[in-house]
Structures are given as C-alpha cells and as structure tokens.
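The values are calculated or read from the model by the stated rules, or taken from the named source; none is laboratory data. Quick caveat: nothing in here was measured; it's all calculated off a predicted structure. Note: ideal-geometry Cβ built from the backbone for every residue, glycine included; neighbour counts use all protein chains shown. The accessibility values were calculated without ligands, DNA or RNA, using every heavy atom of the protein model including side chains. Shrake-Rupley method; radii C 1.70, N 1.55, O 1.52, S 1.80 Å.
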Amino acid sequence: MKKISFYLILLVIAACTNNQPKSGDARMDRFVGELMGKMTIQEKIGQLNLVTPGGGILTGSVVSTDVEAKIKAGNVGGIFGIYGPEKLRQAQKLAVEGSRLGIPMIFGSDVIHGYKTTFPIPLGLSFSWDLKLIEKTAQIAAKEATADGIFWNFSPMVDVSRDPRWGRISEGSGEDPFLGSQIARAMVKGYQQNDLKAPHTMMATVKHFALYGAPEAGRDYNSVDMSRMKMYNEYLPPYKAAIDAGAGCVMSSFNDVDGVPATGNHWLLTELLREQWGFDGFVVSDYTSVNEMIDHGMGDLQAVSALALNAGLDMDMVGEGFLTTLEKSLNEGNVTKAAIDNACRRVLEAKYKLGLFDDPYRYFDDARPAKDILSDENRAVAREAAAHSMVLLKNEAGVLPLKKSGTVALIGPLADSRNNMLGTWAPTGNPQLAVTVLEGIKIVAGENAKIVFAKGANISDDPEFAVKINVFGPRIEIDERPAETLLKEAVAAAQSADIVVAVIGEATEMSGESSSRSDITIPESQKKLVRALAATGKPLTVVVISGRPLDIPEETELADAILFTGHPGVEAGNAIADVVFGDTNPSGKLTASFPRNVGQIPVYYSRRNTGRPQAGEVFAKFRSNYLDVENSPLFAFGYGLSYTNFEYKNLKLSKESIAGNEEIEISVDVKNTGNYDGEEVVQLYVRDVVASVTRPLKELKGFKKIFIKKGTTETVTFKLSANDLAFYHQDLQLFAEPGEFHVFVGGNSDASLSEEFTLE
Ligand code: NOJ
C-alpha cells in the first residue's frame, strides 16, 4: 500500500512539474558552455538578433535587410514572419550548414487566437470563463503552427486593461487580474504542454511586460504611470502567473514603467522578473522597442542598446541596435562581456530546451500541414469556443432564441461580411475561410425559415476613416449606392419579416494595435440603421461584433435583445446562428465593464471606495458622482444572461472565523429555474472591510462554470484561506490583514448575496 502511494506521488509530481531543463541543469550548462567557448563576441551578439525578412507576414513598419548574408555570418539568432516547413527548412539550412558554428535559429510568430483555425479574439475567449476550452484553443494553435514550422509564439498577451479606448484590449483577457492569471496559465499550458521538445508544442512568450494595457488616455504606446501597489496588486499578477506556469520567454513592452521604458528598465527586467520572480527564460524586445528608446529620450542607438542589455534584455526584435553597437559599447566599457554572455546563454538555452541542438529540422515535416491544419475537429472547437464566448446582454420578453421558421430579416454591414469575422491579430488566418453570419443563419435555420438580407448601412460612411482601417485589406467597403437607398431597402426587408436581426459593430481593424478610439460608439451610419429598424416595431435583435467594449446605451434601449460576440473567428456565422436559434444556450460573461459613455473610463468593478461614496444612483451634492451620468457601468464585469434563469440561495460558510493556514468553505445552491438547460459562471467576490490601506469594494477570488439541467439545483463550493486574502502593502510585502471580510456570490460582479467571516 505504502509503495503504491509513493509511486502515485511520484507520478503526480511528474505530471505537475515542468519538464523543461532549468538554468543550472548540468547537461544543458555543459553543452551551452562548451558552445559559447567556441564563439566570438560578434557571434554571441548575433544570437541576440531577431529579424523579419518581409515577404511573409508583416506586423510592424520596417523589415530586416540582407537576411541571408547575416544568417551565414552568424548574425541572426531567430526569424519571425515566415511560414511553412519548406521555407523554414531552407532558412535553417543557411544557419546550420552555412554559418561557421552551425547554430540553429529559433522561428517565431504571432499566433494570438489560433494559427489558421482562427478562434475568437482573446477578449472574446475570456468571456467564456472556460479554462479548459481556452487551453484547448492554445493547444490547437500550437499543433497547427508547429505543423507549419513555427515553434516560438508571441503569445499569451496578458495585459490587464480597463480602458476600452485602447485598441489592444481586444487581445487580452479584460480588466481583472485574478481571471487574467487563470487564463494566462491555461494558455501557457496549452502552448507548451510541459514539453517543449514535443513536435506539437511551442514556446510561449508572455507579453507585453509590463503594464502595456494602461496607457494614458487609452492611446496605444502612450506613457504609463501607476503606483507600485497598483502594479503589484492589479496589473502584474497575470505575467507572474504565466511565468510560474513555465513560459519560456517574456516580451518587453513599448511603454515606460516608472519613467524608464520597459525595454531598458533594469528594475523591471532584472530585479522584479529574474531576482524576485525567478524567471529563467529569455527576454525579447517588442518590434524595434530598443530603437524607440531614442524617441523616449534615452540617448542614441548605441546608448539605448547598452541600456537595454544592461537592463536584462536578451534579444533585439528587428531594430539591430544590439547587432550594430554592442561590440563598440564593449570596447568602450559601457557593457560587459558577462552581460553579453548572459544574454547569449539564455537564447541558446531556449534553443536547447526546444530540442534544436538534437535536430534543428525537427519541426519541418512536409506531411504535417495537410494533416494538422484546419482539420474538421479544429474547426469544431472554433465553433464551440465562439458560441461559448458570446454574451447575451439583453433579452426582453424572451425574443431569443428565434424559431427556425417564419421570415427573418438579416440586416447590417456585418451580416454578410467575410473580411471582418476573424478580428484583429489574426495574421496567419485567412478571412476568406470565415463563415459569414448570413451563411451560418441559413445553414442553422434550415428549410422552414425564410431569410431576407439587406446591408442597410456601411460600417462607416467616412472614406478617410475607411482608408485607415483598410491597411491589411478591404474591411470597410463603402457601397456605391447612397446611404438613403441602403436604409430604405433595409426597412422594407424588416417590414416584410416577422423578426429582425441586425448585425452591426466594428470592422476588424477598428481594434487591435494602433487602433485606439476616443469615441467608442457605433459609427453614425449604423446608429441610423438601428433607429430605423427599431421604428418598424418588429422584434429587433442586435448582434454586436466588436473588438472592444462599446458605448451602446442607445442601441440597448432600442433593441429587444442584444448579443455581444466579439470578433468570433473562422466559424463566426455558424456560432452566431447556434446561439441565436438556441442550439447553444449563451453562457458568456463580460470580462471588461461596458461604460455608459467614454467619460466614465476607467470604469471597473474592483474600484475602491471614496470618502464620499454615493448611495445608489441618485445624484447627491458633495458625493462622488457625475452631473450627467450614473456611476455604474452600462454592463458590469461578470455580467451575461442565459436563455434560462439561475437563482442563488443558501449561501453558507463553514466557519465564522479562520486562523493560520485554515480554510473556509463557501457553498451556495444554484437552481436553474427556467425552461432551458444551461451553463452558469458562478462567481465569488471578497471585500476586505477594514485594512491599513484602501481596498477594493469587491475582488474576484473564485469562479466555477457549471452546467445545470432545467429545474435542478447544483451546490457549488469554494475555499478561501489567508493566502487568498493577501495583498501587497505600501512596502510591497504580501500578507493578509486580520479582520472582517465579506463574501459575495452570484452571476456577476453586482452579486449581493453575502455573508461575513473573520480572519483571526
Ligand atoms: C508588435 C506587437 O506589439 C507585438 O505584440 C508583436 O508580437 C510584435 N509586433 C511582433 O509582431
């Protein structure tokens, strides 16, 4: 018996621990040490150079030149932006057979929400609150990308963001550090699967380190300024979680942190990341972010390159500041040989962990793309992920789900748009493979329903705006017909139908990198369309496709039902139809609050109290409020409806107080009181009532997504201990303060079912 449990423990340890050699692994040390013993300084610097040769996929504004010659000269450590086993094999051959020491290169890419099978944008995926599903999407992304020769991923992007003006809110998991940490972990697990050498896994890069999601005024690349306490408690946890999960690489961000650009920030890249958190992988810059420190005012190219290396940056993406200046800086005494050695060692260790020294061609199998990419199973997961990511924001009088009969008027500029389904940062996806809403609705509705379609409006009528959005291809296509004609046609279609489904929102490139908006309303052309459709008096469902939370009080008022879908990916139309017709009961919950207007930003659930809080929403003089809008968001974090209803009762705590390492158990009964089976995300929030510093009114501390059959009740339990109640103090020490705590359980962050306990 004893023996069995001993082996069981070993098995569990083996399953839970990261399989990768760590720094200090004797064989890896010996191998890398011997190799470095043969390298010249310039060859070592060459390993720190990451290039993108163009001709593949472009994700920045400059490309590298003379790449072939540089590879042969040992001046390239890695490449990104090119794809396919044949092409990558040829490139690898140049390094392995053409350079003096034959050191293989590492091949990277941005595989953000799927490789060719495009899943919903990451913000959308986070709405699913389904960690297993998210991990599965990452696993599939890794399988497809490695089939195409890519084994180093510039994902997950784990930047917490509370500013929907910022276009890249689409690429993260929203506003909450607890949920963000769980998702970060799931994605790293999905990509790496604890075995970097396996042919179907890829090395994850946690980005953008750090705080990139909090630019002033929501403008991309802008300055970031926040207190250390806020950083530690609210913005850093997801990066830490991804690193603890074993992510092999970290990408430094474009912004400054405490006055020093992240790429040259010694406190960030060395003291925090390596010394406090024990990260032992390598750090890559963002696209030319070393060079960009010149514009930050940190000196010339030689100075900023030395600054970055001395800060702890290991690899320079595209800018070649390292390649062209580090040797000079070494000779002039501005960097040390040890600093260059450290960076080189970390890059070589990554290659060792990936198995490239065993077989530099291990990821280039010509048979794999046809087998592993865009398989039916992968597309089925994309459909499931999309349907489970959609959030039902309003459903008056049970307008949804629709019946698969009668006449449905499907209207709107996104209703028959293929180009806008994948969403931002899908450079490896192919928009032409996406299922449009019109196609999906026709397939899922079947023979008994008649579908009439009208475009109704342009995404935007502004040609200058369209030019900015169409940089990667036609996204906003302004119709040759006058706007009035489109509108009339739509109204006629609506009048001829039993029900109306309008599909509106943002084009793909209206969110993402360099796509910040100061006004996050639906463009006026589409607003007019919704007004006209509402005026017909037909039951109106509005499907909102968008890369960010939007300012939609007017549409919410006018529509009978609102379904927010994010950009749903390659199976968009099918998944939207699955939800609209009730084949899938929506279970998504928002992970970023929807403001009532842009002036409320940042509006997020885990705010702290003021000394003059306002009770409720009625304006009171000399309380913290606005003259022209309520304090609360339009839709709160955690919010999302289902076709059924859930009732929460019997909230019970196992104890009145806990001390030391004790745990308290929190249980609640959740009853499905409606007419459909459904899934619910049961959420647990905590308030630390009295502390030495101001604390959030509520913080998410647990959640469970469960399936409940109609008419039945499930009991959901959570556990909390002092560790879960700990927070960083002014001196950055992490501990919980004794005293009173309130717990809240419910289906969103407004949860009011509450109990109390004490931490001794
Ligand atoms: C810039 C983006 O900020 C980053 O997320 C991306 O990985 C790189 N470009 C490479 O494409």
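See the values below:
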| item | result |
| --- | --- |
| Any hit, the range 282-294, residues being away from the ligand (no atom under 16 Å from the Cβ) and either open to solvent by less than 20 Å² (accessible area, probe 1.4 Å) or modelled with pLDDT under 95 (or both) | no |
| Pairs where the first residue, in the range 423-434, is within 17 Å of I469 (Cβ to Cβ) and of a type in the set (F, W, Y) and the second is open to solvent by less than 20 Å² (accessible area, probe 1.4 Å) and within 11 Å of the ligand (Cβ to nearest atom), C-beta under 7 Å, 6+ apart | W425/D110; W425/I112; W425/E171; W425/G512 |
| Positions within the range 371-397 being open to solvent by 50 Å² or more (accessible area, probe 1.4 Å) and small (G, A, S), in sequence order | A380, A397 |
| Cβ-Cβ under 9 Å pairs, at least 6 apart or on other chains, the range 491-517 side β-branched (V, I, T), far side within 16 Å of the ligand (Cβ to nearest atom) and in a loop (DSSP other than H, G, I, E, B) | T508/G423; T508/T424; T508/A426; T508/F472; T508/G547 |
| Unmet requirement for H113, which otherwise passes all of (1) assigned to a loop (DSSP other than H, G, I, E, B); (2) more than 27 Å from Q47 (Cα to Cα); (3) away from the ligand (no atom under 16 Å from the Cβ) | (3) |
| Residue that is farthest from the ligand (Cβ to nearest atom) [pool: residues in the range 208-221 that are open to solvent by 60 Å² or more (accessible area, probe 1.4 Å) and within 19 Å of the chain's Cα centre (by Cα)] | R219 |
| Given (1) within 16 Å of the ligand (Cβ to nearest atom); (2) surrounded by fewer than 20 Cβ atoms within 10 Å (Cβ to Cβ); (3) polar (S, T, N, Q), index of the condition T205 fails | (2) |
| Filter result for R383 (assigned to a helix (DSSP H, G or I) and either more than 16 Å from the ligand (Cβ to nearest atom) or touching a helix residue (DSSP H, G or I) at 6+ places or on another chain (Cβ under 9 Å) (or both)) | yes |
| Any hit, the range 521-533, residues being under 32 Å from the mean Cα position of the chain (by Cα), within 16 Å of the ligand (Cβ to nearest atom) and among the hydroxyl-bearing types (S, T, Y) | no |
| So E135, is it in contact (Cβ under 8 Å) with a residue 24 or more places away in the chain and crowded, with 24+ Cβ neighbours inside 10 Å | no |
| Scan of the range 511-534 for residues that are at positive phi and open to solvent by less than 30 Å² (accessible area, probe 1.4 Å), ordered by number | G512 |
| Among the candidates V224, V250, residue that is open to solvent by less than 10 Å² (accessible area, probe 1.4 Å), part of a loop (DSSP other than H, G, I, E, B) and of a type in the set (V, I, T) | V224 |
| Residues being in contact (Cβ under 8 Å) with a residue 40 or more places away in the chain and within 14 Å of the ligand (Cβ to nearest atom) - total across the range 248-269 | 9 |
| Criterion violated by L236 - all others in (1) within 15 Å of the ligand (Cβ to nearest atom); (2) open to solvent by less than 20 Å² (accessible area, probe 1.4 Å) satisfied | (1) |
| Qualifying positions in the range 59-80 - within 13 Å of the ligand (Cβ to nearest atom), of a type in the set (V, I, T) and open to solvent by 10 Å² or more (accessible area, probe 1.4 Å) | T59, V62, V63 |
| Matching residues in the range 37-58 - criterion: being open to solvent by 30 Å² or more (accessible area, probe 1.4 Å) and not small (G, A, S) | K38, T40, I41, Q42, P53, I57, L58 |
| Failed item, numbered, when G355 is tested on (1) of a type outside the set (F, W, Y); (2) under 30 Å from T270 (Cβ atoms); (3) part of a helix (DSSP H, G or I) | (3) |
| Extreme residue, farthest from the ligand (Cβ to nearest atom), among residues of the range 187-196 that are open to solvent by 10 Å² or more (accessible area, probe 1.4 Å) and at pLDDT 95 or above | D195 |
| Hits in the range 309-320 (condition: away from the ligand (no atom under 16 Å from the Cβ) and out of contact with any strand residue (DSSP E or B) (no Cβ under 7 Å at 6 or more places or on another chain)) | L309, N310, A311 |
| R162 vs. criteria closer than 23 Å to D220 by Cβ, outside the structural domain of K698 (by TED's automatic domain parsing) and not in a helix (DSSP H, G or I) | yes |
| Positions within the range 143-172 being among the aliphatic types (A, V, I, L, M) and either within 16 Å of the ligand (Cβ to nearest atom) or open to solvent by 10 Å² or more (accessible area, probe 1.4 Å) (or both), in sequence order | A145, I150, M157, V158, V160, I169 |
| Exclusive hit being of a type outside the set (S, T, Y), under 24 Å from the mean Cα position of the chain (by Cα) and either on the phi > 0 side of the Ramachandran plot or not in a strand (DSSP E or B) (or both), set N723, N748 | N748 |
| Test: residue in the range 600-616 that is without any contact (Cβ under 8 Å) to a residue 60 or more places away in the chain, outside any loop (DSSP other than H, G, I, E, B) and open to solvent by less than 80 Å² (accessible area, probe 1.4 Å) | yes |
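Let's see how each residue does on (1) over 17 Å from D256 (Cα atoms); (2) among the hydrophobic types (A, V, I, L, M, F, W, C); (3) out of contact with any Pro (no Cβ under 9 Å at 6 or more places or on another chain); (4) touching a residue at least 40 places away in the same chain (Cβ under 8 Å):
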residue: H296; (1), (2), (3), (4): no, no, no, yes
residue: T325; (1), (2), (3), (4): yes, no, yes, no
residue: N334; (1), (2), (3), (4): yes, no, yes, no
residue: D341; (1), (2), (3), (4): yes, no, yes, yes
residue: C344; (1), (2), (3), (4): yes, yes, yes, yes
